[in-house]
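First the structure, in the form of C-alpha cells, and then the observations on it.
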C-alpha cells in the first residue's frame, strides 16, 4: 500500500511542477534555518572540548549574596575555592581558573591582544586540552611560581608567525613579564567562556597574592571532578550542605546562594537566583523556531489545500468505491510526508552550504559548525512535525468533501 | 464573492497578516537603527585610546597614591604624540559597561541615568562639546558634591526647552541636592546604531583614582604601535602590579556596532526568505483560483467585458483580501507605539507601519499581475465549452 502511495505522490509532484517547487522551497529553507540554529546550539552546548569528563564534573560559576534591599552576585574568590570548596571530601580534584582578562603585547611594532587566564595545576588534569606541542605545567612548577605558560595554537601563530617551528621553550611577553612556553593547545571558541583564553598562567605567578582576599567574591571559577559518575549527586549534596553552613559575611545579607551545576545549567545560569536561565534559553529558542516555522507552514497548508482540491475528482471516485475518510487522510499525510522529506534532503544540502559559509566567514573564531548525528536527528524531528502540521488540516478538509460535489466539480 | 469563500481566504488573510507583522518588525528595527545612525556621535572617537588599569599600589597613604596617579597623567600628557588625556570610570564609550542611578526632580523620579566620573580634561580628550554652561575646572574640586554636568538628553527630559543652568535636583532619595553648572552634548555610548541615554558627569576626587580604572588618551593622527608600546611601558613601570590594556575606540566601536548589525542582517535574510516563500504561495493560490473560475471569467468575457477589466477584477480582489489582513495587522502594530513596547519613538513605528503596508500592497500587486493577465487571456468559447 505504501508503495502505491509513494508512486502516486511522485506522479502528483511531477504533474504540477510549480506547486512542487513552492512547497520544496518553503520546506527546505525553513529546515535550513532550523538546522543551522540547532547546529549552533549543539556546538555551543554539546561540544565537550576541553571538558571531556563532563559526566563526572560539576561547575561552580557564581555565588550570590541576598539581603532585604540589596543583592550581589559574582564569581568566587580564590580563598573560597581553596578553603571551602577545596575542603570537600567527594571531589577527586578541583580545577580553579580566573575569568579571562585582556592585555596587550608589542612585537616588532605590532600590537597583539592577549586574553589570559590563571589556572591551578589540577586544571590540566580535570580538563583534557589537546596538546599540539609540549605539556601542561606541573604541580611542582606551579608551587615554585615558575613563569611558565600554556598558549593556544592561534596565539602561537599570531605571535611567532605562521611557520611550524616549535614554540616550546621560547618566551612570550604578557603584562610586561616574560613567560617560558611549556605547551601549545588546540584553540577553543570564545563561546566556551569558562575555558577560553589565549595563554594560561599558573595562579602562583599572579602579581598580587589571590589568597589574601578573604571574602567570598572574586574572579575565579571552578570545576569539581568526582571519582565516578555515581559520586556526582553526593558531591552536589555536599556542596549544598557546605553553602548552607557558610557564615554570612555581613548584616546586610540574609541568604547565600551558590550551586554546583552540571554543564548545561551552569552555562545558562543568569547570575540571578530568581530567574531560571534554563527557562529563558529554551523559551527564546522555541519562540524563534515557532516564528520561523509558522509562516512557511501556513503557506504550505494553503498550497496543499489548493493541490488537494484540484484532485477532487480522484477523491470523489475513491470515495464512491468505498474508501473511508481515514484511508484518504492517511494517504494524503503520507504523500505530504514524502514531500517534506524530499524538501528536507534539499534542506540538508543547503545547511551544509550555509554552514560552510559561516565557518569560512569566521564570525566566531574556532567555532566550526558541523552537521553531525544529533543535528540530523533534530532535523528529522522538525521535519516530521512540519509535515504533520502542514498535512493534517488539508487532509481533514479533503476527507469531508461530499462525493457528489467532488465528482461534479469537473 | 470574497465573503462566499471566507474559509479559503481566511488562510490567505492570516498568511498576509503574519507577513505584515514580520515586515513591520524588520522595518522598525532598520528604521530605528538608521535614525540612530544619522544622529551625531557626540565625540571624536578616532585616535582615541582607552588604557585600563587596576589599583594595585602597595602604599595606603592617600597622598602618595594621589601623587602617583597625578604624576602618571602628567607623564602621559608630556609624551609628544599625546594631545590630551584624562581619567574616567570604566563606562567609557562602546565598552557596554554601565553604572546607572536615579534622580529626583520636582518629586518625579527619573531612572536609568548613566553616571560618569572623570576629570576636567574630559571634554577636550573625548571631543565632546558643551551645549550650555561650562565644564568643571580646577577650582570645582572643593564643592564637587554640590555641582553636576548633565547631558543634553537628560536636560530635555527634565526641563524641555527651558534653561537648565543653575537648576537644582536631588539624588534618588531626594536627599543630596546638586546644582547644574553645564549641559554637554549627548554621546552614543553604545555605538552608531543605538540611541544616546540619559547621562550625568561627576567630577572625581582624589579617592576615585583607585577605582576609576580607565585613562582616555587622545593622540595625533598616524600614531603607530611603536608609540603605543612606549605608552604601555610607561604604564607598566608606573603601576607595576597592575594589568594594563590599551584599546582603540574605533576598534571597540566596530565591535559594538556588530551587536546591532549582525542581528539586523540575520533578521533581514530570514525575513526576505519568508517573504519570497509567501509571495510564491500567494502566486500559486491565485493561479489555481483563476483556473477554477474559468467558467465565470469566460462568461464575463462573452458578454463583452474587456480583457483589462477582467484582469483588473483579479488584481482588485486580491488587493481587497490584502486590505482586510492589513487592517488586522495595523491594529496589532499600532499597539506597539501605544503601549510603548521596547521604548522606541512612536515616529519609528508609524513610519514602519506605512512602509510595511506599502510593501505588502506592492508584493500582492506583483503576485496577482500575472494571474490577472492569464485570466484576461481566457477565450470565452474555450472556457464555456469546458463547462
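The values are calculated or read from the model by the stated rules, or taken from the named source; none is laboratory data. These figures come from a predicted structure and were not determined experimentally. Every residue, glycine among them, receives a Cβ derived from its backbone with ideal geometry; neighbour counts consider all protein chains shown.
Computed quantities for the displayed model
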{"read-out": "Unique match (being surrounded by fewer than 15 Cβ atoms within 10 Å (Cβ to Cβ) and within 14 Å of chain A (Cβ to nearest Cβ)) among B:97, B:9", "value": "B:97"}
{"read-out": "Residue within region A:261-282 that is under 30 Å from residue B:14 (Cβ atoms), within 13 Å of another protein chain (Cβ to nearest Cβ) and out of contact with any helix residue (DSSP H, G or I) (no Cβ under 8 Å at 6 or more places or on another chain) present", "value": "no"}
{"read-out": "Those strands (runs of 3 or more DSSP E) lying entirely in region A:100-205 with at least 2 residues within 14 Å of chain B (Cβ to nearest Cβ)", "value": "A:101-107, A:110-119, A:171-174, A:177-185, A:199-202"}
{"read-out": "Among (1) without any contact (Cβ under 8 Å) to a residue 12 or more places away in the chain; (2) out of contact with any strand residue (DSSP E or B) (no Cβ under 6 Å at 6 or more places or on another chain), the one test that residue A:205 misses", "value": "(1)"}
{"read-out": "Subset of region B:246-266 (residues that are more than 30 Å from residue A:106 (Cα to Cα) and either under 15 Å from the mean Cα position of the chain (by Cα) or surrounded by 21 or more Cβ atoms within 10 Å (Cβ to Cβ) (or both))", "value": "B:260, B:261, B:262, B:263, B:264, B:265"}
{"read-out": "Test result for residue A:283, surrounded by fewer than 17 Cβ atoms within 10 Å (Cβ to Cβ), over 27 Å from residue A:344 (Cβ atoms) and free of Cβ contacts under 8 Å to residues at least 12 places away in the same chain", "value": "no"}
{"read-out": "Test for residue B:174: is it away from every other protein chain (no Cβ under 14 Å), at pLDDT below 85 and on the phi > 0 side of the Ramachandran plot", "value": "yes"}
{"read-out": "Helices (runs of 4 or more DSSP H) fully within region B:62-159 counting 1 or more residues that are out of contact with any strand residue (DSSP E or B) (no Cβ under 7 Å at 6 or more places or on another chain)", "value": "B:62-78, B:152-159"}
{"read-out": "From the options A:314, A:252, residue that is assigned to a helix (DSSP H, G or I) and more than 14 Å from every other protein chain (Cβ to nearest Cβ)", "value": "A:314"}
{"read-out": "Extreme residue, modelled with the lowest pLDDT, among residues of region A:208-237 that are touching a strand residue (DSSP E or B) at 6+ places or on another chain (Cβ under 7 Å) and assigned to a loop (DSSP other than H, G, I, E, B)", "value": "A:219"}
{"read-out": "Sole exception among (1) part of a helix (DSSP H, G or I); (2) surrounded by 15 or more Cβ atoms within 10 Å (Cβ to Cβ) for residue A:367, by number", "value": "(1)"}
{"read-out": "Residue within region B:45-57 that is farther than 30 Å from residue B:211 by Cα, within 27 Å of the chain's Cα centre (by Cα) and either surrounded by fewer than 19 Cβ atoms within 10 Å (Cβ to Cβ) or modelled with pLDDT of 85 or more (or both) present", "value": "no"}
{"read-out": "Residue in region A:81-98 that is under 22 Å from residue A:128 (Cα atoms) and within 14 Å of chain B (Cβ to nearest Cβ) present", "value": "yes"}
{"read-out": "Top-ranked residue in region B:264-293 [being in contact with a helix residue (DSSP H, G or I) (Cβ under 7 Å, 6 or more places away or on another chain) and away from chain A (no Cβ under 12 Å); ranked as farthest from residue B:30 (Cα to Cα)]", "value": "B:268"}
{"read-out": "Counted residues, region A:134-150 - those being crowded, with 18+ Cβ neighbours inside 10 Å and either more than 17 Å from residue A:203 (Cβ to Cβ) or without any contact (Cβ under 8 Å) to a residue 12 or more places away in the chain (or both)", "value": "1"}
{"read-out": "Check on residue B:348, assigned to a helix (DSSP H, G or I), at pLDDT 80 or above, surrounded by 19 or more Cβ atoms within 10 Å (Cβ to Cβ) and more than 31 Å from the chain's Cα centre (by Cα)", "value": "no"}
{"read-out": "Count of region A:14-60 residues which are over 32 Å from the mean Cα position of the chain (by Cα) and within 14 Å of another protein chain (Cβ to nearest Cβ)", "value": "8"}
{"read-out": "Residue among B:173, B:163 that alone is farther than 22 Å from residue B:196 by Cβ and in contact (Cβ under 8 Å) with a residue 12 or more places away in the chain", "value": "B:173"}
{"read-out": "Pairs with Cβ under 7 Å, 6+ apart, first in region B:261-272 and under 20 Å from residue A:25 (Cβ atoms), second modelled with pLDDT under 85 and assigned to a helix (DSSP H, G or I)", "value": "B:270/A:33; B:270/A:292"}
{"read-out": "Looking only at region A:302-311, and only at residues there that are closer than 16 Å to residue A:402 by Cβ and out of contact with any helix residue (DSSP H, G or I) (no Cβ under 6 Å at 6 or more places or on another chain), the one that is farthest from the other protein chains (Cβ to nearest Cβ)", "value": "A:311"}
{"read-out": "Only listed residue being more than 13 Å from chain A (Cβ to nearest Cβ) and either touching a strand residue (DSSP E or B) at 6+ places or on another chain (Cβ under 9 Å) or closer than 30 Å to residue B:96 by Cα (or both), chosen from B:324, B:253", "value": "B:253"}
{"read-out": "So residue B:85, is it within 26 Å of residue B:189 (Cα to Cα), modelled with pLDDT of 90 or more and away from every other protein chain (no Cβ under 14 Å)", "value": "yes"}
{"read-out": "Of all residues in region B:178-197 being within 30 Å of residue B:34 (Cα to Cα) and at pLDDT 90 or above, the one that is surrounded by the fewest Cβ atoms within 10 Å (Cβ to Cβ)", "value": "B:185"}
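Okay, residues lined up against (1) free of Cβ contacts under 8 Å to residues at least 12 places away in the same chain; (2) surrounded by fewer than 23 Cβ atoms within 10 Å (Cβ to Cβ); (3) touching a strand residue (DSSP E or B) at 6+ places or on another chain (Cβ under 9 Å); (4) not assigned by TED's automatic domain parsing to the domain that holds residue A:7:
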residue	(1), (2), (3), (4)
A:302	yes, no, no, no
A:305	no, yes, no, no
A:323	yes, yes, no, no
A:336	no, no, no, no
A:344	no, no, no, no
A:355	no, yes, no, no
